[in-house]
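Below is one structure, written out as structure tokens; comments come after it.
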């Protein structure tokens, strides 16, 4: 831009000082030269200022020398100074489609992981990030992208296929976010969140997982049946013991006198309702024999 402005300014000067034969040609050349020169002068002056937009930081470089970070606002510079800007707004790294991460579980099963990492730049570390990556795109491609893929593989390698596919997804997501944040924070990259969007097993692994789930369900059902059977057996045992104890108490309490008393009570109750009845009193030898009584006769 600076060299182009010099070229326009020089062209304007040439048109102004260039002599023409007619007055009309002279005036046209004069007007054209002034306009071209003014445009060149304005463009030249614009190379001495630079505006850093809101939610951006700038890193100036001049003749191989890197300057201090520029905050949003108007800044003066030399025409040879170039400014690289970094956005401080959150950005999304989407690892899906062609960037889907292929991982292996602790058992060797292959899983395909889709996730999104939300990250942003700490303005205080813009200068260091410029030296590491050169630009905002470089930060994502050289720092966030490779580190995230490495951490995802390492985390899934510590879990089984079933855990990664179903049972421990929330735990794995939290673990990945914690490690990614710890890895990128010292470099001035703020991790705003990690979203584990999808985990898809390979066809071979999917079949193995389905079989494993079926086996686990069958094992759980068998274990539940065993527990139920044990509970029923324990219930019957307790009932039998209770009944045996009750019978023992009854047997110990039924003496001859008690039995005779019960017979007499039964005799009285039968005499009130039945004209002819059999009295169960007596025990054969040594006791009174059973009697058949006609209640109508006295």
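Return, ordered by residue number, the residues of segment 162-197 whose backbone nitrogen is under 17 Å from a label point located 7 Å along Cα→Cβ of residue 61.
Zone members listed by number: none at all.
Starting from the Cα gyration tensor of segment 180-255, take the square roots of the eigenvalues, sort them a ≥ b ≥ c, and report rounded, prolate or oblate (rounded when a/c is under 1.5, otherwise prolate if a/b is larger than b/c, else oblate).
oblate
Please work out whether segment 94-156 counts as rounded, prolate or oblate from its C-alpha gyration tensor, where a ≥ b ≥ c are the square roots of the eigenvalues and a/c under 1.5 means rounded, while otherwise a/b larger than b/c means prolate and anything else oblate?
prolate
First measure r as the distance between the Cβ atoms of residue 234 and residue 107, then evaluate 1/(1 + (r/R0)^6) with R0 = 41 Å and state the FRET efficiency to the nearest 0.05.
With R0 = 41 Å, the Cβ-Cβ based efficiency is 0.55.
Please give the contour-minus-distance gain from residue 249 to residue 203: 0.36 nm per residue of separation, less the Cα-Cα distance, rounded to one decimal in nm.
Roughly 9.6 nm would be gained on extension.
Just so you know, all these numbers are worked out from the coordinates, no wet-lab data involved. Just so you know, these numbers come straight off a predicted model, no measurement behind them. We place every Cβ from the backbone using ideal geometry, glycine too, and count neighbours over all the protein chains shown.
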